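A.B. asks: Can you keep this structure in mind? I'll have questions shortly.
The values are calculated or read from the model by the stated rules, or taken from the named source; none is laboratory data. Just so you know, these numbers come straight off a predicted model, no measurement behind them. Side chains are part of the model used for accessible areas, which takes the heavy atoms of the whole protein and leaves out ligands, DNA and RNA. Shrake-Rupley method; radii C 1.70, N 1.55, O 1.52, S 1.80 Å.
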Amino acid sequence: MIGGRLAEARKNADLTQKELAQMIGYGKDSISAYERDKAQPNDETTVKLAQILKVSTDYLLGKSRNPKPYIISSNAIRLPEKISINGRKELENFLDYLMYKYDCF
């Protein structure tokens, strides 16, 4: 599932498979396998890839349409402590929608 998004993020970062592989200490074949969904990176590698490509791990994993990680700032929204997991997910989806709608990424 990571393949298409990884390839897109890599191309947006103007990197070749070889360059990206060197940055994480892997061979080009590993990146190629990830992009073709023939292999899945482990969690540590997924985090490294996201950091290098400046996208969120949620985006790479297909859990968010927003490629940019959420930024913590003084403008952050404080959620009620007792908000349910479903409520939190609904808010995240709505924020993704608003960011997409207003081209904020």
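A.B. asks: Debye calculation, C-alpha points only, no solvent: report log10 I(q)/I(0) for the chain at q = 0.11, 0.15, 0.16, 0.17 Å⁻¹, in the same order as the q values.
C.D. replies: Those come out to -0.40, -0.68, -0.75, -0.82, one per q.
A.B. asks: Follow-up. Express the accessible area of the range 1-57 per residue in Å², computed with a 1.4 Å probe while the remaining protein chains stay in the model.
C.D. replies: Computed with neighbouring chains in place, this is 59 Å² per residue.
A.B. asks: Mean separation of Cα pairs under 8 Å and 6+ residues apart, divided by the residue count of the chain: what relative contact order is that in percent?
C.D. replies: 22 percent
A.B. asks: Right, here's the next one. Rounded to the nearest 500, what is the chain's calculated 222 nm mean residue ellipticity when only DSSP H runs of at least 4 contribute -39500 (n - 2.57) each, over all residues?
C.D. replies: Using -39500 (n - 2.57) per qualifying helix, the result is -16000 deg cm²/dmol.
A.B. asks: OK, next. With a 1.4 Å probe and every protein chain kept in, tell me what percent of the accessible surface of the chain is carbon plus sulfur. Mind showing how you got there, number by number?
C.D. replies: Numbers: 4000 of 7650 Å².
Of all accessible area on the chain, carbon and sulfur atoms account for 52 percent.
A.B. asks: Take the residue pairs 38/82; 11/101; 18/89; 48/89 and return only those whose Cα atoms are more than 32 Å apart.
C.D. replies: The pairs that break the limit, which is 32 Å between Cα atoms, are 38/82; 18/89.
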